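Scroll down for the structure; my scribbles are underneath it.
The values are calculated or read from the model by the stated rules, or taken from the named source; none is laboratory data. What you see is a predicted model; the values in this text were computed from it and never measured. Please note: Cβ atoms are built from the backbone with ideal geometry, for glycine as well, and neighbour counts cover all protein chains shown.
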Amino acid sequence: MEFKKNEVFQVRIEDMSSEGEGIGKTDGFAWFIKDTVTGDLVEASVMKTKKSYGFARLIRVIEPSTDRTEPKCPVARPCGGCQLQNMSYKAQLRFKENKIRNNLQRIGGLTEIPMEPIIGMEEPWRYRNKAQFPFGRDKNGRIITGFYAGRTHQIIESEDCLLGVEENQKILDCIRTHMEEYHIAPYDETAHTGLVRHVLIRKGFRTGEMMVCLVLNGKVKKFTAIDQLVEKLRILYPNMMSISCSINTEKTNVIMGKEIVNLYGPGFITDYIGNVKYQISPLSFYQVNPVQTERLYQTALEYAGLNGGEIVWDLYCGIGTISLFLAQKAKKVYGVEIVPQAIDDARENAKINGFENVEFFVGKAEEILPEQYEKNQVYADVIVVDPPRKGCDEVCLNTIVKMAPKRVVYVSCDSATLARDVKYLGEHGYRVVRVRGCDMFPNSGHVETVVLFVHE
C-alpha cells in the first residue's frame with residue numbers, strides 16, 4: 001500500500017506492542033502509534049512505513065478507550081520516561097501479565113503457564129529512590145534540568161517527576177539557583193564545554209537518608225562556592241547524609257565518572273530491604289523501587305523453598321541484595337558478579353548484617369560457575385539467577401543443567417530472553433511450576449518476572 005508522509009488517517013487500536021505502543025490496522029496494514037491504548041479510535045499521521053507495517057504520530061483521540069486515563073504528569077508525552085501513563089493502572093497490570101504470558105507461549109513454547117497474579121503497587125507513584133537529572137540550557141540560555149525526550153538528548157524541563165521523591169524538586173531548584181548566582185555553566189554536549197552534567201539524587205525509603213552527587217565535566221575546584229552549596233543542601237534537608245562529586249570529563253553517554261570526590265558525610269547512605277541493611281554509594285547498583293523489591297525478593301525466597309540446609313548459588317548477584325535475603329534461610333550462599341565494585345559492596349553488606357554463610361566471587365557467571373563445578377566439585381541444591389536484559393549465557397545454562405540443582409529460580413527483567421532460556425532448560429530436564437510478574441516500574445512498559453523450575 002502507498003502512504004505519503006504526514007498523511008492523516010483514522011484507525012481503531014486493537015492491541016499493544018511489547019514496548020507499549022498501540023497497534024491498529026487499515027486494510028490489513030499494521031500501524032504502531034505511541035500514546036494510544038487498546039480500544040481508542042484515533043486520528044494519526046504517517047511518520048514512516050515498511051513493507052507490511054508503519055509508524056504514525058497520534059494527532060487526537062476521537063473515541064477514548066475505557067482503559068484510557070488522563071496522564072498526571074504535564075510532560076508525559078514528550079518525556080521518554082513513561083510509556084503507559086495514559087493507561088489505567090488496572091489495564092497496565094493486565095498488559096504486563098499478557099506480555100509475560102505471550103512471550104512464554106510464543107518463544108518459550110509453554111502451552112500451560114502456571115501464572116500467579118501479578119504483584120502490583122497500591123500507590124504507583126513516587127516509587128523511585130533514585131533519579132539522574134541532566135542539566136543544560138533552553139533556547140533563551142536559561143539553565144534547565146529535567147529528562148531526555150524519548151530516543152534523544154533534548155532535555156524536557158521538569159523538576160518534579162511524579163515517579164521520583166518529592167525532595168527532588170527543592171534540591172534541583174537549590175542547585176540551579178546556586179549555578180545562576182555564581183555563573184556556573186551547565187554542560188553543553190555538542191561543544192563538550194560547561195561544568196555540571198547531571199545531578200544524582202538518592203533516598204533511603206526506610207531510613208529517610210538523602211544523597212546528592214554532582215556529575216562534573218572538570219575538577220571540583222572549578223565549582224564556585226561549593227562549600228556554600230553543601231551548607232545550603234544540609235540546611236534544606238537535615239537528613240542529607242552524603243554529598244559528593246563524580247568527575248566525568250569523557251565525551252560519552254555514560255553518566256557517572258569513575259572518580260568520586262566526597263564533600264560531606266561518609267560517602268554512602270543506608271537503607272533496608274526486609275530485615276537486611278544495605279550501604280549505598282553513588283556508584284552502587286541498588287533496585288530503584290524498594291517497596292516492590294522486597295515483594296520480588298520475598299517471592300524469589302518463597303520459590304527457593306529453603307529450610308536451612310541448602311547450598312545456594314546466586315548468579316549475577318550485584319551488591320548481594322538477593323544473596324543476603326537467601327542467606328537468612330540457607331546453609332551457604334555463593335554469589336557471583338562481574339563488577340568488582342559491586343562485590344566490594346556485597347562483602348561490606350554481608351559484614352554489616354553479620355552474615356558469615358555468604359561468599360562472593362568476582363567474574364563472569366559463565367566462567368566462575370563451570371570452574372567451581374569442574375575443578376572444585378561444588379554443587380547446589382538451588383540456583384538463583386537474576387541476569388541482565390540479554391538473559392543467561394548458554395555456557396552458564398549448560399553448567400546449571402550439569403549441576404542439576406533440585407530448583408532453579410529465575411528473576412528476569414525481560415520476559416522475551418527469559419522465554420528463550422525457559423525453552424533451553426525445558427529441553428534439559430527442567431519443568432516450570434510457578435510464574436509470577438512483579439510491577440517494579442509502574443507507568444512504564446517494563447515488568448519483572450519470577451519463575452520456579454524443578455528438576456524432573
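Just one of 68, 101, 77 is modelled with pLDDT under 95, within 24 Å of residue 446 (Cβ to Cβ) and buried (at least 16 other Cβ atoms within 10 Å of the Cβ); which is it? First the steps, then the outcome.
Numbers: 68 fails: modelled with pLDDT under 95; 101 fails: modelled with pLDDT under 95.
The conditions single out 77.
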Q.
Name the single residue that is modelled with the highest pLDDT among those in the stretch 1-15 being loosely packed, with under 12 Cβ neighbours inside 10 Å and among the basic types (Lys, Arg).
A. 5
Q) What is the residue count in the stretch 321-333 for residues that are assigned to a strand (DSSP E or B) and either surrounded by 24 or more Cβ atoms within 10 Å (Cβ to Cβ) or acidic (Asp, Glu) (or both)? A) 1
Q. Does any residue in the stretch 177-189 that is under 18 Å from residue 155 (Cα atoms) and in contact (Cβ under 8 Å) with a residue 40 or more places away in the chain come within less than 9 Å, Cβ to Cβ, of a residue that is of a type in the set (D, E, K, R) and surrounded by fewer than 20 Cβ atoms within 10 Å (Cβ to Cβ) six or more places away or on a different chain, and which pairs are these?
A. 186/137; 188/137; 189/251
Q) Has the stretch 387-410 got any residue that is within 18 Å of residue 102 (Cα to Cα), crowded, with 21+ Cβ neighbours inside 10 Å and touching a strand residue (DSSP E or B) at 6+ places or on another chain (Cβ under 7 Å)? A) yes
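Every residue, every condition in (1) exposed (fewer than 15 other Cβ atoms within 10 Å of the Cβ); (2) touching a residue at least 24 places away in the same chain (Cβ under 8 Å); (3) in a helix (DSSP H, G or I), yes or no:
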{"site": "36", "(1), (2), (3)": "no, yes, no"}
{"site": "42", "(1), (2), (3)": "no, yes, no"}
{"site": "82", "(1), (2), (3)": "no, yes, no"}
{"site": "97", "(1), (2), (3)": "no, yes, yes"}
{"site": "111", "(1), (2), (3)": "yes, no, no"}
{"site": "117", "(1), (2), (3)": "yes, yes, no"}
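Out of the residues in the stretch 413-437 meeting the condition of being among the small types (Gly, Ala, Ser) and surrounded by 20 or more Cβ atoms within 10 Å (Cβ to Cβ), tell me which one is farthest from residue 104 (Cα to Cα). It would help to see each step written out before you state the result.
Initial filter on the stretch 413-437 (among the small types (Gly, Ala, Ser)): 415-416, 419, 426, 429, 437.
Those left that are additionally surrounded by 20 or more Cβ atoms within 10 Å (Cβ to Cβ): 415, 419, 437.
Numbers: 415: 7, 419: 5, 437: 12 Å.
Among those residues, the one meeting the criterion is 437.
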Q) Taking residue 366, is it assigned to a helix (DSSP H, G or I), touching a Ser or Thr at 6+ places or on another chain (Cβ under 8 Å), over 20 Å from residue 297 (Cβ atoms) and not aromatic (Phe, Trp, Tyr)? A) yes
(Q) Against the definition (within 26 Å of residue 157 (Cβ to Cβ) and either outside any loop (DSSP other than H, G, I, E, B) or free of Cβ contacts under 8 Å to residues at least 60 places away in the same chain (or both)), how does residue 15 come out, yes or no? (A) no
